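To keep things clear, I will list the structure first and then write my remarks on it.
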Amino acid sequence: MSSNGIFQLMSGIVGTTADATGRMEKFTELVRSLVDQHDVQQLKDLVDCMLAEESSFALFARPVLQQVAEQMEKLKNSELKELALHTLDRLRGRVVSFEEEDFVMRELLSEVFQAEGDWAEAAKCLAAINLESGTRCRTPLQKAEKYVKIAELYLEDEDPVAADTFCSRAAMVMHEVNDTPLLLRYRVCHARVLDSKRKFLEAASKYCDLSQQTFGGQICEADLLQLLKCAVTCAILAPAGPQRSRILASLCKDERIRAVEHFEILQKMFMERLIRGSEVHKFEDSLLPHQKATGPDGSTVLERAVLQHNVLAASRVYKNMRLPQLGHLLEVAPENAEKIAAKMIAEKRLAGFIDQKSGVIHFEGGGDDLQQWDRHIRNVCTQVNSVLSKIKDQSAMKDG
């Protein structure tokens, strides 16, 4: 049947049926018949007839397109994609009159793109839905769900900038949402955005908070452990300093931490021990592409994090040392060691000063009694927690 044939068929329905209800019933039967036959071309012709300028079927355009939108999920993915793209193209500039139909088709088309692994197109498809100023009022829950979904899709496409945009939109309505799974998705999405934008200190803090909440048992232990693993990774990659030290302390207090991969590196950082380059190769292999990014100086995020940590570790052992010795300790050139230390001092992440004339770096506060006392208390508390945990495990074995 040609496009002229579908037009004649539709004209016959209008001509032979007197009342509007009867005509609509026959149009509905026609749509269902074409969908059952998987006749995409005829469905496209039907859409064209309905949306043509000065169409004699204009009165039925919206309800018929609603039927097309509702029935098209029965089509194969490739057929649905072809029909949806065609219909959305015809609706361009006229979406205000067909908002609900546009909404349904875009959701279905986005699912097809997701099945194909085309995350960018899936996100763009949903992003084109008018959620704010349309004629239909969307609830905060509906808006938040869509914004979070779009952000998640952009993250899959490794586009943190676009993901951040929609995560921010979700944040504007999230205070009106009481859906716990959605709130969790939003918070995880926000942490992933920070992670993808290489704001590892903030991301580690968010992941750490999430990993220690159960939301009334609605989150399985495996997911909480995965969040804890993400927190460990971001904490290791974060710039060395007081803020990271607090996050490391919080992570090491977690009773599950020994079950997390790369616990050894985390513990060394927490105990402020030197880490050699050879010790981080296995950890480096587990990193995601954005976590392996190189900076302007050609060093990776991990290399900078380990170097900065080692400078802090050295400051706990030495009161002063020559720059060539610091470079040897860090396994880098003396000039690079000086640059790293100077930047940390300028950002107040390291207490000390550099005497460039004599080529010596002086560390301050490394032997401070209060700081040493705090570290001793922290280490004792950690050991006590470990002993209590072992006693609890042994008691449980005896009871069993």
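The values are calculated or read from the model by the stated rules, or taken from the named source; none is laboratory data. Just so it is clear, the model here is predicted, and its values are computed rather than measured. Cβ: placed from backbone, ideal geometry, glycine included. Neighbour counts: every protein chain shown. Note: accessible area is taken over every heavy atom of the protein model, side chains too, but ligands, DNA and RNA are not part of it. Shrake-Rupley method; radii C 1.70, N 1.55, O 1.52, S 1.80 Å.
Listing for the model above:
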| item | result |
| --- | --- |
| Largest-first principal axis extents, alpha carbons of the chain, Å | 99, 63, 34 |
| Accessible surface, per residue, of the chain when the full set of protein chains is kept, probe 1.4 Å, Å² | 54 |
| Lys, Arg +1 and Asp, Glu -1 on Cβ, resulting dipole of the stretch 96-248 about Cα centre, debye, nearest 20 | 880 |
| Computed label-point distance, nm, for sites Ser286 and Ala52 using a 7 Å Cα→Cβ extension | 6.4 |
| Estimated dipole of the stretch 2-161 in Debye, rounded to 20 [Cβ of Lys and Arg +1, of Asp and Glu -1, Cα centre] | 520 |
| Label-point separation, Arg322 to Cys220 (7 Å along Cα→Cβ), nm | 6.0 |
| At R0 = 56 Å, FRET efficiency that the Cβ-Cβ distance of His362 and Glu111 yields, to 0.05 | 0.35 |
| Dipole of the stretch 1-156, positive end: most advanced residue of Ser33, Met105, Ile129 [Cβ charges, Cα centre] | Ile129 |
| Of the GluC sites (Glu not before Pro) in the stretch 1-74, those whose Cβ has at most 14 other Cβ within 10 Å and which sit in DSSP loop | Glu53, Glu54 |
| Farthest positive-ward along the chain dipole, Cα basis, beta-carbon charges - from Met10, Cys252, Ala341 | Ala341 |
| Positive-end residue of Gly117, Ala235, Leu330, charge dipole of the chain with Cβ unit charges | Leu330 |
| Nearest-ten-degree value, helix 20-36 long axis tilted from longest Cα axis of the chain | 60 |
| Pairwise centroid distance, computed over Cα atoms, of the stretch 261-290 with the stretch 1-48, Å | 65 |
| Inter-probe distance in nm under a simple model that places probes 7 Å from Cα toward Cβ, at Glu176 and Thr294 | 4.9 |
| Kirkwood-based shape ratio for the stretch 145-258, expressed as Rg/Rh from alpha carbons | 0.97 |
| Nonlocal amide H pairs with Asn320, under 5 Å, H built at 1.01 Å | Phe363 |
| Those lysines that a straight Cα-Cα span of less than 25 Å connects to Lys292, excepting residues fewer than 8 apart in one chain | Lys197, Lys199, Lys206, Lys229, Lys268, Lys282, Lys339, Lys343 |
| C-alpha long axis of helix 221-237 to longest principal axis of the chain, angle in ° | 60 |
| Lys, Arg +1 and Asp, Glu -1 on Cβ, resulting dipole of the chain about Cα centre, debye, nearest 20 | 1880 |
